[in-house]
Amino acid sequence: MKKVIITGATGFIGSWLGKEMLQNQVEGIALVRDVQTNKFGNLENGNLLRLIQYHTDEFMELEEESGPVDAFYHLAW
């Protein structure tokens, strides 16, 4: 895998998945509700992780923002 999207990256499972992904040099996009919160500070790793603020109604526009991805992990509730 080269590029993945994770919703719920600030939660317990999402943050562990994010850590594993970054350790394996997989580029990631974390979809978050508020980029101003500090919940995802433990996932930041140079240019491998990009945060995109989103609302669930905006999933259709996500492909324009992210480009093609290999996997989409939907962990947000």
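Evaluation of E20 against the conditions (1) part of a helix (DSSP H, G or I); (2) modelled with pLDDT under 85 shows that the sole unmet condition is (2). Touching a Ser or Thr at 6+ places or on another chain (Cβ under 8 Å) and either modelled with pLDDT under 85 or surrounded by 13 or more Cβ atoms within 10 Å (Cβ to Cβ) (or both) - does that describe any residue in segment 58-69? No, segment 58-69 contains no residue that is touching a Ser or Thr at 6+ places or on another chain (Cβ under 8 Å) and either modelled with pLDDT under 85 or surrounded by 13 or more Cβ atoms within 10 Å (Cβ to Cβ) (or both).
Taking the criterion of being part of a loop (DSSP other than H, G, I, E, B) and modelled with pLDDT under 85, the residues of segment 23-47 that qualify are R33, D34, V35, Q36, T37, N38, K39, F40, E44, N45, G46, N47.
What are the pairs with Cβ atoms under 9 angstrom where one residue, in segment 55-76, is farther than 16 Å from I6 by Cβ and the other, located anywhere, is modelled with pLDDT of 75 or more and open to solvent by 100 Å² or more (accessible area, probe 1.4 Å)? Sequence gap at least six, or different chains. Listed pairs, sorted by first residue: H55/R33.
The values are calculated or read from the model by the stated rules, or taken from the named source; none is laboratory data. Values in this document were obtained by computation on a predicted structure and should not be read as measured data. Because the Cβ atoms are built from the backbone with ideal geometry, glycine has one as well, and the counts that use them run over all protein chains shown. Surface areas here come from the heavy atoms of the whole protein model, side chains and all, with no ligands, DNA or RNA. Shrake-Rupley method; radii C 1.70, N 1.55, O 1.52, S 1.80 Å.
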